[in-house]
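One structure is given here, and the rest of the page talks about it.
Values quoted throughout were computed directly from the atomic coordinates according to the rules given, and no laboratory measurement underlies them. The model shown is predicted, which means the values in this text are computed figures rather than measured ones. Please note: Cβ atoms are built from the backbone with ideal geometry, for glycine as well, and neighbour counts cover all protein chains shown.
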Amino acid sequence: MFKFDNIKNFTRTLIIAEVSANHCGSKKKFLNHIIQAKENGADLVKIQTYEPQDMTVNKNFKIKKGLWKGKTLWNLYENACTPFKWHFDAFKIARKNKITLFSTPFSERALKFLKQFKPQLYKIASFELTDHCLIDNVAKNYKPIILSTGLSDIKEVKSAIKVIRKYHNKIILLYCVSGYPTPLENIDFKRIEKLKKSTGVKLVGFSDHTLGITASIDAINKKVPFIERHFTINKDSSSPDVKFSISCEELKILKNYALNRNKLEIKTKSKTAERINKIFRRSIYVVKNIKKGEKFTSSNIKCFRPYIGLGAEQYFKVLGKKAKSNIKKNKVLNKNLVKAL
């Protein structure tokens, strides 16, 4: 279960898998995306709550540039949306499989519908960052909000945060470049620190729309708390989002990298794999019977494994010293057996 207070002390990067339009209009594929996202390593799974009437009233506006060139906004959203009626099974499956499922509402209507499922957090998309009315309505629910910052300048981000802070401070920012797909050379991780310093929000993750997982791996190395990636179970699908979505295998690689990267950061006082093998170092052993008062020489002491007494590094300090008592052959030396050590 997602708890914001626990996230503030995160120990590794959490992976958010965004289903978006990758269901290609199939409810079966939609539900399978949620399951496969969890099984391949997603810590949280996100969907989008809208229908075309929540996005535009202009049915004829045509997109002139970019990945969706030639499509009208209405047709794009009509084909890409997750029908409201699918949400019932989605949240049912999520509860059954202990999946943290949440969504991005794109209108007050969508939010009102979404609230019945009691999601543990909400997302505000980059293009809605300037929609203060929508943000205000979402913030009134006093649930954590992930705010994506693509296309926005610092002033716009701070204005959106100001609206949320009228109600609470449970805010997570995502550094984002709203390019689909985003060229790697457009990524500037310095933006993350700028967002932290200028807004006072400590949790700033990365919403990645680049091809492949190179940028996401780099973000994990920079210890970001969250990475959001569009996710598909079929890289050959006709989804409008598939080009910048990662596969099951790429998601699995990201999760494993995040887990293993975290292991490098863990500092513990308990025995490590290396420390328990210290026994394979050498100690000083008596190779002949030695009488009390007899000197230790190169002929009666040698160094052997295991390391359970005086270490081999003490060898030259022991030479010439006298035995405190009789010592039998093959016994390991310790301080109590050597005078004036």
- Query: How far apart, in nm, are two points set 7 Å out from the Cα along the Cα-to-Cβ line at residue 336 and at residue 86?
  - Reply: 7.4
- Task: Would you please report the Å³ per residue occupied by the convex hull of the alpha carbon atoms in segment 28-146?
- Result: 121
- Note on the structure: So for segment 131-276, using the alpha carbon gyration tensor with a ≥ b ≥ c as root eigenvalues (a/c under 1.5 gives rounded; past that, a/b versus b/c decides prolate or oblate), I'd call it oblate
- Sorted by average packing, counted as other Cβ atoms within 10 angstrom per residue and highest first, what order do 110-117, 187-194 take? 110-117, 187-194
- Rounded to the nearest 10, the angle in degrees between the Cα long axis of helix 190-199 and the longest principal axis of the Cα atoms of the chain comes to 70
- Square roots of 5 times each gyration tensor eigenvalue, C-alpha, segment 275-337, largest first, Å: 20, 11, 10
- Show which aspartates and glutamates lie in cross-link reach of residue 3 when reach means a straight Cα distance below 15 angstrom and same-chain residues fewer than eight apart are skipped. 43
- For segment 125-140, just list the computed ³J(HN,Hα) in residue order, Karplus coefficients 6.51, -1.76 and 1.60, θ = phi - 60°, integers in Hz, with x standing in for Gly and Pro. 6, 3, 5, 9, 4, 8, 8, 4, 5, 4, 4, 4, 5, 5, 4, 4
- Query: Of 292/317; 98/235; 69/123, which sit over 22 Å apart, Cα to Cα?
  - Reply: 98/235; 69/123
- Query: Structure shown: which of 27/96; 170/197; 71/115 lie over 24 Å apart, alpha-carbon to alpha-carbon?
  - Reply: 71/115
- Task: Mind ranking 41-52, 236-247 by how tightly packed they are, going by the mean number of other C-beta atoms within 10 angstrom, highest first?
- Result: 41-52, 236-247
- Query: At q = 0.11, 0.12, 0.13 Å⁻¹, what is the log10 ratio I(q)/I(0) for segment 81-205, with the Debye formula run over Cα points and no solvent?
  - Reply: -0.41, -0.48, -0.56
- Item | Charge sum, other residues only, whose C-beta stays under 9 Å from residue 15's C-beta, Lys/Arg counted +1 and Asp/Glu -1 | 0
- Answer with one residue from 207, 34, 284: the one whose Cα lies farthest towards the positive end of the charge dipole of the chain, charges on Cβ with Lys, Arg +1 and Asp, Glu -1. 284
- Query: If you average 1/r over all unlike Cα pairs in the chain and invert the result, what Kirkwood radius do you get in angstrom?
  - Reply: 23.6
- Message: Cα atoms only: what Rg and Dmax, in Å, come out for segment 92-156?
- Response: 12.7, 42
